[in-house]
Amino acid sequence: MRERIIEILRKNVEIPGGVSFSVEHPPRAELGDYATNLPLVLAGLEKKQPQDVAEMLMRKIIDPAIATITFSPPGFLNFQISESEVKKEFTRILDGKERYGNQSRLNEKIQVEFISANPTGPLTLANGRGGFLGDVLSRVLASQGFEVEREYYINDSGNQITTLGLSILAIAGKVLDDEKYYHGDYLKEWLDSKQTLNWDLYLKDPQLLGIYVANDFVKNLIRPVIEKKMKINFDRWTSEQRDIRQSRPPLTIEFEQLAKSISPDLIFDRDGARWLKTKKYGDDKDRVLVTSDRLPTYFFIDAAHYLETKKRGFNHKINILGADHHGYVSRIQAVAKIIGMAKSEVIVMQLVRLMENGVERRMSKRTGVYVTIDELIDEVGLDQARYFFLEKNHETHIDFDLDLAKKRSKENPVFYIQYAHARLCSIFIKEPYEKSDFDVSLLASESEDRLIWKLIDFPDVLRDIAADYRVSRLIRYAYELAHNFHVFYETERILDAAADIKKSRLQLARATQIVLKKSLDLLGISAPEEM
RNA sequence: GUCCCUAUAGCUCAAUGGAUAGAGCGCAGCCCUCCGAAGGCUGAAAUCGAGGUUCGAGUCCUCGUAGGGACGCCA
């Protein structure tokens, strides 16, 4: 509906290009359904009084969707939407059902890479946070017409894999233990599950053992948790080893040649190493591609990975990373520019701190005492876990209160939303839904009006999320929708109202059920029919 | 030392530069002869500090203060 207002404004008024103005709900409902600051904006531009501009605009804006226009100081126009237009939008919900709020296909491919945890152990809470964000964001983007690929990148080679192999050797007593090795119980469990191992081979090549362990971890510790516990599915599990390092012809060489073709000095040798001049693209220093030991760095491989993504037709990539990677952002964005990817975004998730009895419990992959995401889901439930992680914007730190999360308290916001859905379902158990005509003018009480407007906002919410990736908006939306419904339900009678009113209220309840269910589906939170 | 994130009610969080800063928890109360009280309603309570930009700043800029994080030819 907001887009419709903007359209109407542009159709009736000549607005210079590049001028940005707002269309939003006014702070108080009695002012109108939508408000714009256009008079203020244009007055500033044309050096006129906002009120004069507003009066001129009020004469010009004519559209059947707009019933009345009023001016309010210092320079806003308030619109009241006509009843017929409200009914039209309302009907779109009932007819569109679960497709309400979707946009038509755009023919634009986006890759969302997320989680991509090191395969050296089970998934942490931070992995969980990024996972839920990527999952919901992918679904919202798909609803807005983008062709989305969800990618999990397995870092199954490199130094941390060698360390993993050495860690097993240390636990088996074959090499001396070291502080930098991994020490979690899961390593011992892996070792115990193996009858015989070719120690001579692995002592000679610890990375070989690391690859073996990492593959097992992905297969047994990571992938089942993602798919079965977190209920997240990926379109592509990309292996660093298989898909990037062993690509023929080598992607790394292709990247290097591409960089050289842009400018020969982008690649240079210094101190026996090979460098990429990322500084030229906004990084604070240049970065090494090949070490003086002639080994490609993780960064070089990642550059090759970006190139591979681009070559498969993606001109837009969203990469969701943990907070510890923030120093990595500018160099990978430099790569995106070099390979000519049109849009590249890196979302850095801020930390999750685990609080227990008022004190922080350290999370570390190397101590083996941190709480894993599957453990958390087992304790608090998937719906709760998703809600807690998605509730806050990705740039805020989360203090995850374990005690509170474990408590299945009645005041829980998840139950609040689910209860609204269960209440709706119970209405239609008593009175099976039938499509019928209805009269919006009979839904004129404050609680009904608010509920209707909340429903109509839904497509705008999805549109906003697709633009700024703030998935927490959808959590808020679902909560507010549930609240508006609860108020409506407490204030107005549905089943024992007069026949014509009942008919209209049942349509309103139906529309609410549709949108609430869809919101929960997008969030990956279950919508129980009874509880 | 450099860089990133954060600072709003007792606590956890909202608020595309817009009108009287909103919720939940907690606290003090009220509402089931009535479609599900896992609900509704009422009340007390807040923008870290100092400048600046703007018709207008919680929001943008500068400088402080405080908390968290990152700074390797590791990944």
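Key figures for this structure:
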read-out: Three-way shape label, segment A:63-147, alpha-carbon gyration tensor, a/c 1.5; value: prolate
read-out: Fully extended contour minus Cα-Cα distance, from residue A:11 to residue A:521, at 0.36 nm per residue; value: 180.0 nm
read-out: Count of lysine pairs in segment A:411-523 with Cα separation under 21 Å (8 or more residues apart, or interchain); value: 11
read-out: Per DSSP, loop GluC sites (Glu not before Pro) in segment A:3-59 with at most 11 further Cβ within 10 Å; value: A:14
read-out: Longest site-free stretch - chain A; sites: trypsin sites (Lys or Arg not before Pro), DSSP loop, at most 12 other Cβ within 10 Å; value: A:195-284
read-out: Reachable lysines, given that their alpha-carbon falls under 16 Å from the alpha-carbon of residue A:260 and they are not under 8 places away in the same chain; value: A:277, A:279, A:280, A:337
read-out: Antiparallel DSSP beta bridges within chain A, as percent of all bridges there, nearest 5; value: 50
read-out: Candidate lysines - alpha carbon under 24 Å from residue A:11, same-chain residues fewer than 8 apart omitted; value: A:47, A:48, A:60, A:87, A:88
read-out: Stokes-Einstein D (µm²/s) once Rh is taken as the Kirkwood radius of segment A:407-531 over alpha-carbon pairs, at 25 °C in 0.890 mPa s; value: 163
read-out: In sequence order, calculated HN-Hα J values of segment A:168-178 (Karplus, 6.51, -1.76, 1.60; Hz; x Gly/Pro); value: 5, 4, 5, 5, 6, x, 8, 10, 5, 5, 9
read-out: Distance cut-off 16 Å, percentage of C-alpha pairs in segment A:2-81 lying past it; value: 44
read-out: With 5 Å bins from 0: P(r) over segment A:175-330, alpha-carbon pairs, percent; value: 2, 6, 11, 16, 17, 16, 13, 11, 6, 2, 0, 0
read-out: Centroid-to-centroid separation of segment A:94-125 and segment A:193-224 [C-alpha atoms, Å]; value: 32
read-out: Residue-averaged [θ]222 nm for chain A, counting only DSSP H segments that reach four residues, each worth -39500 (n - 2.57); value: -15000 deg cm²/dmol
read-out: Dipole magnitude of segment A:2-81, debye to nearest 20 (Cβ charges: Lys/Arg +1, Asp/Glu -1, about Cα centre); value: 120
read-out: Amide H contacts of residue A:145 (H built 1.01 Å from N, under 5 Å, at least 5 apart or other chain); value: A:103
read-out: Overall form of chain A per C-alpha gyration tensor (a/c, 1.5; a/b vs b/c); value: oblate
read-out: Karplus (6.51, -1.76, 1.60) ³J(HN,Hα), θ = phi - 60°, over segment A:229-239, in Hz, Gly and Pro reported as x; value: 8, 7, 6, 10, 10, 9, 7, 8, 10, 8, 9
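Every read-out reported here was derived from the displayed coordinates using simple, explicitly stated rules and does not represent laboratory data. Computed from a prediction, not measured in an experiment: that's the story for all the values here. Every residue, glycine as well, gets a Cβ built from its backbone with ideal geometry; the counts of neighbours run over all protein chains shown.
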